[in-house]
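The next block holds one structure in the form of structure tokens; read it before the comments.
The values are calculated or read from the model by the stated rules, or taken from the named source; none is laboratory data. These numbers come from a predicted model, not from an experiment. Please note: Cβ atoms are built from the backbone with ideal geometry, for glycine as well, and neighbour counts cover all protein chains shown.
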């Protein structure tokens, strides 16, 4: 897989949201997608009632959100402080 340039990607401007669904900027990559990454930089809506943990990405780009029961782990462009603030809105 070729390298994706994350320098050009910026978190989306998201309005404050009420309820259990919050929107973030997708930073997850499709493993065999090569240059075709249709979801990268797009909105990603997550049920915050299913969040188990939030932690900084190992590569320094964005944050990981891990769901309960190993349902999913999402990588988003927003920093961890923004994620925590948005979850607690």
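Among all residues of the stretch 23-38, there is none that is modelled with pLDDT of 90 or more, over 12 Å from residue 87 (Cα atoms) and surrounded by fewer than 14 Cβ atoms within 10 Å (Cβ to Cβ). Of the residues making up the stretch 40-72, those that are closer than 20 Å to residue 10 by Cα and assigned to a strand (DSSP E or B) are 43, 44, 45, 46, 54, 55, 56, 63, 64, 65.
For the stretch 15-39, residues that are assigned to a loop (DSSP other than H, G, I, E, B), under 18 Å from residue 49 (Cα atoms) and either touching a strand residue (DSSP E or B) at 6+ places or on another chain (Cβ under 9 Å) or in contact (Cβ under 8 Å) with a residue 60 or more places away in the chain (or both) total 4. Is the stretch 53-60 home to any residue that is in contact with a strand residue (DSSP E or B) (Cβ under 6 Å, 6 or more places away or on another chain) and farther than 24 Å from residue 5 by Cα? Yes, some residue in the stretch 53-60 is in contact with a strand residue (DSSP E or B) (Cβ under 6 Å, 6 or more places away or on another chain) and farther than 24 Å from residue 5 by Cα. Restricting attention to the stretch 63-89, the residues that are without any contact (Cβ under 8 Å) to a residue 40 or more places away in the chain and closer than 18 Å to residue 7 by Cβ total 2. Checked against (1) buried (at least 16 other Cβ atoms within 10 Å of the Cβ); (2) without any contact (Cβ under 8 Å) to a residue 24 or more places away in the chain, residue 44 passes all but condition (2).
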